[in-house]
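These notes are about the structure you will find just below.
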Amino acid sequence: MRVASSPPQAGRDWTPYWFAAPVALYLLLFQGYPLVQELYLSFTSTALLAPDQHTFVGLQNYADLFTQEDFHQVLLTTATYTLVCVVAAIALGLGAALLLDAPFRGRGLARALVTIPWAAPPVAVALIFVWIYNGQYGIFNHLLGALGGAAGLESWLDSPARALPAVLLTTVWQIFPFAAVVILAALQGVSPELREAAVIDGADRLSVFRAVVWPTIQPSVALLALFLSIWSLRRFDLIWLMTQGGPIGSTNTLVIELYRRAFVYRDLGQGAAVGMVGLSMALLITVVYFRYTQRAERAKGQR
């Protein structure tokens, strides 16, 4: 006995594409086209005051960049800044999330207060910390002096050895609450029954975290690391307002170098080349993340 099949509905297969079309069009116009323009500019010699006059130079801009020792230092500073920001923000965020996940009086208020640094405008944060790090009247040196440290009268942001740690401390202070909120949300998905079963079996807190909590929140932490890495690579406002990449280039990251070459030295071609180097680093981090998630899914499927 044959069962009559239902007639196909016209336009049914195109429905997902119609929903995705506005987003795809937006990305194509406001992300894809500027990206192609930047890629083209990176192969040209283009002055800021004459952006319509291009001279194709091929890979000369990239060759000039990678033969300059100053640019090597920029890459090292960018990598250091990104790595420290990601590791420190996730470590502090994980600690804060574990504390905020435990039951205690005033937990709701504490969860609200921890988001204040993340909600603060970067301009205000930069101005406040410039005052804090000031050598004469900043409270940071006074605090170090009270604790027995060698404070001195030099501003931290004027010291080539101290400027980058100062900027990193400020950045981590501002971004770790976001990591704490994300990890706290992931902790809500940990099964209380599994925790209780592990405790009944005699596992201590560290063992419960390693066997029960961490496998559950690990995908969220990996995605968080990806976002923090990309945001750290492209962070401009906080660094520029605090040090403008100085002193002596000690806090000069890729995005600061891009601004300097394009708008201070007025060389759009080299500025675009610096931007493409930064994009390549972000793509590399993204590829590493997806490779990691694929391996994790395969390992989970083999269990």
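General remarks:
- Positions within region 20-37 being over 25 Å from ALA272 (Cβ atoms) and either surrounded by 10 or more Cβ atoms within 10 Å (Cβ to Cβ) or in contact with a strand residue (DSSP E or B) (Cβ under 6 Å, 6 or more places away or on another chain) (or both), in sequence order: ALA20, ALA21
Condition check ((1) in contact (Cβ under 8 Å) with a residue 24 or more places away in the chain; (2) buried (at least 18 other Cβ atoms within 10 Å of the Cβ); (3) part of a helix (DSSP H, G or I)) across all residues:
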| residue | (1), (2), (3) |
| --- | --- |
| ALA198 | no, yes, yes |
| GLY202 | no, no, no |
| VAL212 | no, yes, yes |
| LEU224 | yes, yes, yes |
| LEU228 | yes, yes, yes |
| LEU238 | yes, yes, yes |
| GLY245 | no, yes, no |
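- Any hit, region 153-164, residues being at pLDDT 95 or above and either more than 23 Å from the chain's Cα centre (by Cα) or open to solvent by 20 Å² or more (accessible area, probe 1.4 Å) (or both): yes
- Members of region 119-135 found to be part of a helix (DSSP H, G or I) and open to solvent by less than 60 Å² (accessible area, probe 1.4 Å), listed by number: PRO122, ALA124, VAL125, ALA126, PHE129, VAL130, ILE132
- Restricting LEU254, LEU168, LEU184 to those that are farther than 30 Å from PHE140 by Cα, in contact with a helix residue (DSSP H, G or I) (Cβ under 7 Å, 6 or more places away or on another chain), in contact (Cβ under 8 Å) with a residue 60 or more places away in the chain and aliphatic (A, V, I, L, M) reduces the list to LEU184.
- The one condition from (1) within 27 Å of TRP240 (Cα to Cα); (2) not aliphatic (A, V, I, L, M); (3) not in a loop (DSSP other than H, G, I, E, B) that GLN218 does not meet is (1).
- Residues located in region 90-118, provided they are open to solvent by 40 Å² or more (accessible area, probe 1.4 Å), free of Cβ contacts under 8 Å to residues at least 40 places away in the same chain and part of a helix (DSSP H, G or I): ALA91, LEU99, ARG107, GLY108, LEU109, ALA112, LEU113
- Among the residues of region 201-240, those identified as within 8 Å of the chain's Cα centre (by Cα), closer than 15 Å to VAL288 by Cβ and among the hydrophobic types (A, V, I, L, M, F, W, C) are ALA225, LEU226, PHE227, LEU228, ILE230, LEU233.
- Count - residues of region 68-78 that are free of Cβ contacts under 8 Å to residues at least 60 places away in the same chain and assigned to a helix (DSSP H, G or I): 3
- When the residues of region 247-287 are filtered to those that are in a helix (DSSP H, G or I) and among the aromatic types (Phe, Trp, Tyr), the one that is surrounded by the fewest Cβ atoms within 10 Å (Cβ to Cβ) is PHE263.
- Within region 30-58, restricting attention to residues that are under 29 Å from ILE248 (Cβ atoms) and in a loop (DSSP other than H, G, I, E, B), the residue that is farthest from the chain's Cα centre (by Cα) is LEU49.
- Members of region 20-39 found to be of a type outside the set (A, V, I, L, M, F, W, C) and in contact (Cβ under 8 Å) with a residue 60 or more places away in the chain, listed by number: GLU38
The values are calculated or read from the model by the stated rules, or taken from the named source; none is laboratory data. Since this is a predicted model, take the numbers as computed values, not measurements. A quick note on method: Cβ atoms are made from the backbone with ideal geometry, for glycine too, and the neighbour counts reach across all protein chains shown. Note: areas computed on protein heavy atoms with side chains; ligands, DNA, RNA excluded. Shrake-Rupley method; radii C 1.70, N 1.55, O 1.52, S 1.80 Å.
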